[in-house]
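K.L.:
This is the structure, below, for whatever I ask next.
The values are calculated or read from the model by the stated rules, or taken from the named source; none is laboratory data. It should be emphasised that the depicted structure is a prediction, and the values quoted were computed from it without experimental measurement. All Cβ positions, glycine included, derive from the backbone under ideal geometry; neighbour counts span all protein chains shown. Accessible surface areas use protein heavy atoms only, side chains included; no ligands, DNA or RNA. Shrake-Rupley method; radii C 1.70, N 1.55, O 1.52, S 1.80 Å.
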Number of protein chains: 2
Amino acid sequence: MKPTTPAAEDYLKTIYAHTEWQPEPITPKVLATRLGIAPSSVTEMVKKLAAAGLIAHVPYGPLTLTDEGRLRATAVVRRHRLIETWLVRELGYTWDEVHDEAEVLEHSISDRLLEAISTHLGHPRADPHGDLIPAADGSTARVRAVLLADAPAGHSGTVLRVSDRDPAILRLLADAGIGPGSNVTVVDSATLRLDAGQAHPFSADVAAAVWLTG
Amino acid sequence: MKPTTPAAEDYLKTIYAHTEWQPEPITPKVLATRLGIAPSSVTEMVKKLAAAGLIAHVPYGPLTLTDEGRLRATAVVRRHRLIETWLVRELGYTWDEVHDEAEVLEHSISDRLLEAISTHLGHPRADPHGDLIPAADGSTARVRAVLLADAPAGHSGTVLRVSDRDPAILRLLADAGIGPGSNVTVVDSATLRLDAGQAHPFSADVAAAVWLTG
DNA sequence: GGCAAAGTTTCGGGTTGCCTAAATAATCTG
DNA sequence: CAGATTATTTAGGCAACCCGAAACTTTGCC
């Protein structure tokens, strides 16, 4: 099968990421926005990816990955997350600094090097943001999680994951000492309490980025 | 100044590499061969690089780097060699396996990550093949060296560098226990003796790849 | 000095991936 | 349910890189 280009990998990865924590399939408009490109460019690439059997698409409909497409997508996600983990664990990056670097390297690293890094790190299962790292065969664990924005007052749980989309949020949370593994309780719709510590007010942006155990 | 594309970086790097151990400037034909592309493609890119002030070129003449071009070239070479060193020292690669991986990554790694790797490795001065790693400011040490093919019988010296162009040669030499730092004597035009060990016959290919102290 | 071989450039083409503007389809709303 | 809004697609272009074929220099050699 034809090798995927960096651009195609970005499309597949973004389509995959959209359904990783929420069920609705992605639309061309949203995909264009996420990729920072014009909708017409998406139409064009979508045609190629559909012709290559990597996505399913009926005109004016949503975009879904085929099995093969999902395999390619998880491979990119695996590369991205292992690179992020490596940057944090070995090279002194903080969790808000790794995204852009991984975004580029995920398209350049060979399988050989990727597995060497994974071995070097002891085959980590999650990246610094709590996102699960797909296995080399594309299989991924599934976790039940609740978005902080959807959690009722009084809900107690462990932080599973923080979206890495906005570095500012990551810095904010790091300053508050909150990250994957933190045990917290939702005081009200805008306040979080660290179990062994103090309360922290949080914004809607933060509420839409933090995921807790159910 | 305009950022350099991966393709342009490859041109600059190859032009630079050609004069690193020998004085003659490179010609378009040789450059095309080294890059594995058609001569007409070189003409085209050369125009762009000349327009960008990175190389000097008169029609039908040789190609030479401007100061700015040399700066860009050494930056790529620095990335390439630090990556090679990192792959060997940290990730279990052997010196004949690192070239292709570095060839790709040299275009993707950020300055931030590069300096983190350099620090992590203790700022090495040479890569696994004995090639000197340019400093971050582009400055490079200069070393007097003699090509094995040009060394007279009886010449004694230390192996400074082995060209990384042919992995088979690197494997051959590794098997013989010869590498940068080995002290050797040229017995005759086809035999080398390790100072503390046995004699090894060598081919013309090997003679054109090994450099000794003068 | 002249002519063939070798090197270089020009020219017309092709691919990928992006763009804007305009056309068309789907969806929302009064 | 019809017009208005929004989403999607089509059409035409552009920049980066590459190609092969043909034209044009330079070089090497008798």
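K.L.:
Please work out which residue is farthest from A:Asp100 (Cα to Cα), limiting yourself to the range B:114-129 and to residues that are open to solvent by less than 10 Å² (accessible area, probe 1.4 Å) and in contact with a Phe, Trp or Tyr (Cβ under 8 Å, 6 or more places away or on another chain).
P.N.:
B:His129
K.L.:
Please give the helices (runs of 4 or more DSSP H) falling wholly within the range A:95-214 in which 1 or more residues are away from every other protein chain (no Cβ under 14 Å).
P.N.:
Correct list: A:167-176, A:204-207.
K.L.:
I need the full set of residues from the range A:173-200 which are more than 18 Å from A:Val88 (Cα to Cα), open to solvent by less than 70 Å² (accessible area, probe 1.4 Å) and not polar (S, T, N, Q), in order please.
P.N.:
A:Ala176, A:Val184, A:Val186, A:Val187, A:Asp188, A:Ala190, A:Leu192, A:Leu194, A:Gly197, A:Ala199, A:His200
K.L.:
Residue by residue through the range A:30-40, note down the ones that are near DNA strand C (Cβ under 6 Å from one of its atoms) and within 10 Å of A:Tyr11 (Cβ to Cβ).
P.N.:
Within the range A:30-40, A:Ile37 is the sole residue that qualifies.
K.L.:
Quick one: which helices (runs of 4 or more DSSP H) sit completely within the range A:1-93 and have at least 1 residues that are surrounded by fewer than 19 Cβ atoms within 10 Å (Cβ to Cβ) and in contact (Cβ under 8 Å) with a residue 40 or more places away in the chain?
P.N.:
A:6-20, A:39-51, A:67-91
K.L.:
Could you look through the range A:1-52, keep only residues that are in contact with a strand residue (DSSP E or B) (Cβ under 6 Å, 6 or more places away or on another chain) and within 12 Å of DNA strand D (Cβ to nearest atom), and pick out the one that is farthest from the other protein chains (Cβ to nearest Cβ)?
P.N.:
Ranking the qualifying residues of the range A:1-52, first place goes to A:Pro25.
K.L.:
Could I ask something else about it? A:Ala73 fails exactly one of the following numbered conditions: (1) facing chain B (nearest Cβ under 10 Å); (2) in contact with a Leu (Cβ under 9 Å, 6 or more places away or on another chain); (3) small (Gly, Ala, Ser). What is the number of that condition?
P.N.:
Status for A:Ala73: all satisfied but (1).
K.L.:
Right, something else. Against the definition (within 30 Å of B:Ala116 (Cα to Cα) and open to solvent by less than 10 Å² (accessible area, probe 1.4 Å)), how does A:Ala102 come out, yes or no?
P.N.:
yes
K.L.:
If you don't mind, there's one more thing I want to ask. Output the residues belonging to the range A:55-79 that are more than 8 Å from DNA strand D (Cβ to nearest atom) and out of contact with any strand residue (DSSP E or B) (no Cβ under 7 Å at 6 or more places or on another chain).
P.N.:
A:Asp67, A:Glu68, A:Arg70, A:Leu71, A:Arg72, A:Thr74, A:Ala75, A:Val76, A:Val77, A:Arg78, A:Arg79
K.L.:
Sticking with this one: What number of residues within the range B:57-78 are within 12 Å of DNA strand C (Cβ to nearest atom) and small (Gly, Ala, Ser)?
P.N.:
1
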